[in-house]
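The values are calculated or read from the model by the stated rules, or taken from the named source; none is laboratory data. Everything numeric here is computed off the predicted structure, so don't read it as measured data. All Cβ positions, glycine included, derive from the backbone under ideal geometry; neighbour counts span all protein chains shown.
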Amino acid sequence: MLKKLLLAFVCVAVLAVAGTGLWVWQGLQGLDKPVMLEEPLLFNVPQGSSFIEVVGRLEAEGLVSDRLWLRLYGRLEPEQTRIKAGEYEFVDGMSPRDMIGVMVSGDTKHWYVQFIEGWTFKDMRAALARAERLQKVTGQWTSEQIMSAVGAEGEHPEGRFFPDTYAFTGSESDLDLLKRAFSRMETVLAEEWAAREEGLPYDNPYEALIMASIVERETGAPHEREQVAGVFVRRLQKGMRLQTDPTVIYGMGDSYQGRIGRKDLRTHTPYNTYRINGLPPTPIALPGREAIHAALHPDDGDALYFVARGDGTHKFSRTLAEHQKAVREFQLNRREDYRSSPAPQDSDADEDAG
């Protein structure tokens with residue numbers, strides 16, 4: 001009889017252990033079950049959060065039915081408890097185990113802000129102000145304060161930030177992006193300057209950056225950049241004024257309303273290249289790498305003038321007579337769909353370079 005009782009006890013114990021094992025196995029398997037979400041969910045993990053705290057929040061937000069299984073999972077897989085701070089995006093179909101994996105890997109949610117070639121520093125700051133989820137630090141700062149913060153105290157900000165698409169997380173600020181864009185421009189300019197052609201009329205990389213910004217504003221047609229740069233380089237070498245409308249527009253500031261006329265061309269500003277010799281004092285826009293490359297590898301042709309055709313490209317001329325003929329053809333008798341890329345411009349001058 002005793003043997004039978006002992007055997008029965010053993011059988012019950014085995015069944016209990018087996019049942020418990022099955023229960024645990026099913027519970028852990030449930031961590032791989034997809035969670036249904038109507039829309040992506042942002043889940044923030046503050047700095048210093050423990051695994052237990054995060055698990056509790058996952059349960060509270062209905063992302064896991066019972067925190068017990070995630071806590072047990074953490075004991076069985078200790079490396080999966082090393083969750084990193086940040087903002088994470090959970091999407092429909094992810095399982096609790098997937099969510100833990102994302103937080104352990106530190107794969108935080110990223111947003112993006114884009115700085116466009118040809119933009120001004122003012123345009124850049126407006127884009128940063130509009131960027132959602134980006135912490136705003138510099139909103140009320142002056143340009144001088146920003147340049148000091150990026151490590152260029154006392155320098156002019158125009159053209160000093162590289163135009164590109166920048167990814168950021170919810171823990172980053174506009175100052176972080178400004179520092180990255182400034183550093184990127186420093187790197188690109190140094191690389192291009194080191195590989196420049198000989199005999200260029202620039203004393204330093206900054207002058208090349210100024211030229212690149214003018215090239216960027218003068219044409220949106222990639223194949224024309226070297227030609228435009230060639231015209232301006234030859235004019236500098238011959239002691240001719242650049243006479244380029246984008247510099248006039250930049251010098252006009254907020255008074256520019258979409259058109260420049262003879263009065264504007266006669267008004268002396270530090271940027272009016274119809275009135276000053278050589279380059280303007282600073283860049284006038286954000287130049288991309290292609291424009292910087294063109295400024296340092298200009299076309300070796302003989303054109304000294306160009307005029308917008310009205311289709312986004314330009315007619316290049318060797319002599320003033322040829323240029324004046326092109327002006328009459330393309331400017332004085334404009335086609336109905338006339339456009340000048342990247343920004344429409346009107347000028348009454350007929351003896352300018354561009």
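What the table below lists for this structure:
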item: Residue identified as of a type in the set (A, V, I, L, M, F, W, C), buried (at least 19 other Cβ atoms within 10 Å of the Cβ) and within 19 Å of P46 (Cα to Cα) among I83, I146; result: I83
item: Index of the failed condition, E322 passing every other in (1) in contact with a helix residue (DSSP H, G or I) (Cβ under 9 Å, 6 or more places away or on another chain); (2) farther than 18 Å from S213 by Cα; result: (1)
item: Residues satisfying the stated conditions in the range 17-50, i.e. at pLDDT 90 or above and in a helix (DSSP H, G or I); result: none
item: Of the criteria (1) without any contact (Cβ under 8 Å) to a residue 24 or more places away in the chain; (2) among the charged types (D, E, K, R); (3) in contact with a Phe, Trp or Tyr (Cβ under 8 Å, 6 or more places away or on another chain), which one E158 fails; result: (1)
item: Residue count, the range 206-226 (criterion: modelled with pLDDT of 95 or more and polar (S, T, N, Q)); result: 1
item: Failed item, numbered, when E117 is tested on (1) of a type outside the set (A, V, I, L, M); (2) closer than 30 Å to L286 by Cβ; (3) exposed (fewer than 13 other Cβ atoms within 10 Å of the Cβ); result: (3)
item: Single residue of the range 271-301 satisfying the filter (assigned to a loop (DSSP other than H, G, I, E, B) and among the hydrophobic types (A, V, I, L, M, F, W, C)) that is farthest from L242 (Cα to Cα); result: L286
item: Wholly enclosed helices (runs of 4 or more DSSP H) of the range 65-171 bearing at least 1 residues modelled with pLDDT of 95 or more and in contact with an Asp or Glu (Cβ under 7 Å, 6 or more places away or on another chain); result: 121-130, 143-149
item: Residue within the range 123-139 that is closer than 30 Å to A294 by Cα and either in contact with a Ser or Thr (Cβ under 8 Å, 6 or more places away or on another chain) or assigned by TED's automatic domain parsing to the domain that holds T247 (or both) present; result: yes
item: Residue in the range 44-59 that is within 30 Å of R130 (Cβ to Cβ), among the aromatic types (F, W, Y) and either in the same structural domain as T165 (by TED's automatic domain parsing) or in contact with a helix residue (DSSP H, G or I) (Cβ under 9 Å, 6 or more places away or on another chain) (or both) present; result: no
item: Unmet criterion (only one of (1) under 30 Å from E290 (Cβ atoms); (2) in contact with a strand residue (DSSP E or B) (Cβ under 6 Å, 6 or more places away or on another chain); (3) charged (D, E, K, R)) for E117; result: (2)
item: Residues within the range 64-102 that are under 34 Å from the mean Cα position of the chain (by Cα) and aliphatic (A, V, I, L, M), tallied; result: 7
item: Flag for D66 being under 27 Å from D176 (Cβ atoms) and acidic (D, E); result: no
item: Residues that are among the β-branched types (V, I, T) and in contact (Cβ under 8 Å) with a residue 24 or more places away in the chain, drawn from the range 256-283; result: I260, T273, I276, T282
item: Verdict on E172 being surrounded by 14 or more Cβ atoms within 10 Å (Cβ to Cβ), over 16 Å from the mean Cα position of the chain (by Cα) and not hydroxyl-bearing (S, T, Y); result: no
